[in-house]
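Below is one structure, written out as structure tokens; comments come after it.
The values are calculated or read from the model by the stated rules, or taken from the named source; none is laboratory data. As the structure is a computational prediction, the values presented were derived from the model and not from experiment. Here the Cβ positions follow ideal geometry from the backbone for every residue, glycine too, while neighbour counts run over all protein chains shown.
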Amino acid sequence: MANSSVLVMVLIALLGTLAPLTEARAFFVFGDSLVDSGNNNYLVTSARADSPPYGIDYPTHRATGRFSNGLNIPDIISQKIKSESTLPYLSPQLTGKKLLVGANFASAGIGILNDTGVQFLNIIRIYTQLEYFQQYQQRLTALVGAQKARGIVNQALVLITLGGNDFVNNYYLVPNSARSRQFALPNYVRYLISEYQKILMRLYKLGARRVLVTGTGPMGCVPAERAMRSRNGECAAELQQASALFNPQLVQMLQGLNKKFHADVFIAANTHEMHMDFITDPQAFGTLPSIYVTIY
């Protein structure tokens, strides 16, 4: 996974170059812990962020279910588009006019594949998130009517963050994992990309027309992975290789989808390269070198 504060900076910079996106009236979020704003609080799962030290820098100084010390990526994007933060879809507060803001469907621990994150037990896998998106649209239609609901969805900004867990919490979770026995790494990456394409096509069919898609960050540089996989604190080579294979193929796949739909629906956010720039030359970004706390 990538460092949350760096991802926020990257996505804000990207939003700044895409002025039409900032006019979206609603914001929808799909993915894993990098963007989960509390859905897992309502689930019986070990993938939780509802106790300290999570939330110590949040405005309330309390853990909210965000896998962050404070605001997370969707919160900062909501501020950028001058909107209130989207509520978790499972929150009982998501009713009435709150539906007009959008919804966060993300769930920590999930991946592109359904067998990713099985150790976390009850999590909202990506196709269930898309089913919830359908349910949301039905609720929105009941509130504002079919035509207006369709317009809100079509004009909304969508963020989706997937892929990291398919390596960290699947392929490389244990030595000789089932997926690593089934696929050599290059073949596994191609399989992930083909499955991700199906997810994005489904998202398009459900009405998404402005979608930010983040690649994986420098997974091998995550402190936990460095502690487990390296001897001298260097970034883990196998996970870095996985990122190097996955991200270019993701961009190529998104370009193919945009060509298919004759529109720039999907925008790739190259969080890996930007994150590495930040790590290797923090002074260029006005920041002193430091130890980065990484969330999963």
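Annotation: V35 fulfils all but one of (1) surrounded by fewer than 21 Cβ atoms within 10 Å (Cβ to Cβ); (2) among the β-branched types (V, I, T); (3) modelled with pLDDT of 60 or more; the unmet one is (1).
Going by the conditions given, is I112 in contact (Cβ under 8 Å) with a residue 40 or more places away in the chain and β-branched (V, I, T)?
Working: in contact (Cβ under 8 Å) with a residue 40 or more places away in the chain: yes; β-branched (V, I, T): yes.
Criteria met by I112.
Among the residues in the range 138-149, are any of a type outside the set (V, I, T), in contact with a strand residue (DSSP E or B) (Cβ under 8 Å, 6 or more places away or on another chain) and assigned to a helix (DSSP H, G or I)? Looking through the range 138-149, none of the residues is of a type outside the set (V, I, T), in contact with a strand residue (DSSP E or B) (Cβ under 8 Å, 6 or more places away or on another chain) and assigned to a helix (DSSP H, G or I). Among residues of the range 170-200 being of a type in the set (G, A, S), free of Cβ contacts under 8 Å to residues at least 24 places away in the same chain and under 20 Å from R229 (Cβ atoms), the one that is surrounded by the fewest Cβ atoms within 10 Å (Cβ to Cβ) is A184. When Q93 is tested against (1) in a loop (DSSP other than H, G, I, E, B); (2) within 23 Å of L157 (Cβ to Cβ); (3) touching a residue at least 60 places away in the same chain (Cβ under 8 Å), exactly one condition is not met: (3). Please enumerate the residues belonging to the range 46-94 that are in contact with a strand residue (DSSP E or B) (Cβ under 8 Å, 6 or more places away or on another chain) and surrounded by fewer than 19 Cβ atoms within 10 Å (Cβ to Cβ). Hits for the range 46-94 are S46, I81, S83, L94. For the range 125-144, a residue qualifies if it is farther than 15 Å from R202 by Cβ and crowded, with 21+ Cβ neighbours inside 10 Å, and exactly one does: L140. Checking the structure you have, find out if any residue of the range 106-128 is more than 20 Å from T45 (Cα to Cα), not in a helix (DSSP H, G or I) and not aliphatic (A, V, I, L, M). Within the range 106-128, not a single residue is more than 20 Å from T45 (Cα to Cα), not in a helix (DSSP H, G or I) and not aliphatic (A, V, I, L, M).
Which residues, taken from the range 161-173, are in a loop (DSSP other than H, G, I, E, B) and in contact with a strand residue (DSSP E or B) (Cβ under 6 Å, 6 or more places away or on another chain)?
L162, the sole residue that qualifies.
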